[in-house]
Amino acid sequence: LHPIRSLAFFPEYPDVAIIASDTGIYALELTNDTNPNFQPLYKGLSPTFTLSANHTLLIKDFGTLMELSW
């Protein structure tokens with residue numbers, strides 16, 4: 001088991017969670033379907049994130065700050 005370091009709901013999609021765990025950040029569809037979507041967003045060493053305004057994900061990974069926008 002890997003601890004969850006960051007967790008947030010994807011803006012405008014309440015059924016999608018963004019999770020930072022282990023060495024990556026992932027989007028996970030939270031539905032009752034048998035095959036939910038699971039999408040890697042970032043692969044690193046030990047990332048954490050926060051959501052900011054204007055659809056921006058601020059990622060911190062071993063002292064480096066990055067911005068992911070969509």
Counting only protein heavy atoms and rolling a 1.4 Å probe, one gets per residue an accessible area for the chain in Å² of 69 Å²
Between the modelled labels at residue 9 and residue 48 (7 Å from Cα along Cα→Cβ) the distance in nm is 2.3 nm
Computed over the Cα atoms of the stretch 26-67, the Rg and Dmax in Å are 12.8, 38
Highest mean packing first, using Cβ neighbours within 10 angstrom, the peptides 37-44, 63-70 sort as 37-44, 63-70
Output row, site residue 2, 7 Å Cα→C-beta label point, backbone N cut-off 12 Å, window the stretch 27-70, residues 27, 40-48
Note, the stretch 57-70: 3J(HN,Hα) by Karplus (6.51, -1.76, 1.60, θ = phi - 60°), whole Hz, Gly/Pro = x, goes 10, 8, 10, 10, 9, 6, x, 9, 9, 10, 10, 10, 10, 9
Between [x] 38, 32, 14; [y] 44, 42, 23; [z] 32, 29, 24, the structure-derived Cα extents along the principal axes in Å is [x]
Total charge of the residues flanking residue 57 in space, meaning their Cβ is under 15 Å from its Cβ, with Lys and Arg +1 and Asp and Glu -1, is 0
Amide H proximity to residue 8 below 5 Å, modelled H, separation 5+ or other chain, gives 18
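The values are calculated or read from the model by the stated rules, or taken from the named source; none is laboratory data. Quick caveat, the model's predicted, so the values are computed rather than measured. Counting neighbours? That spans all protein chains shown, and the Cβs are built from the backbone with ideal geometry, glycine included. To get the accessible areas, we keep the full protein, side chains included, count just its heavy atoms, and leave off ligands, DNA and RNA. Shrake-Rupley method; radii C 1.70, N 1.55, O 1.52, S 1.80 Å.
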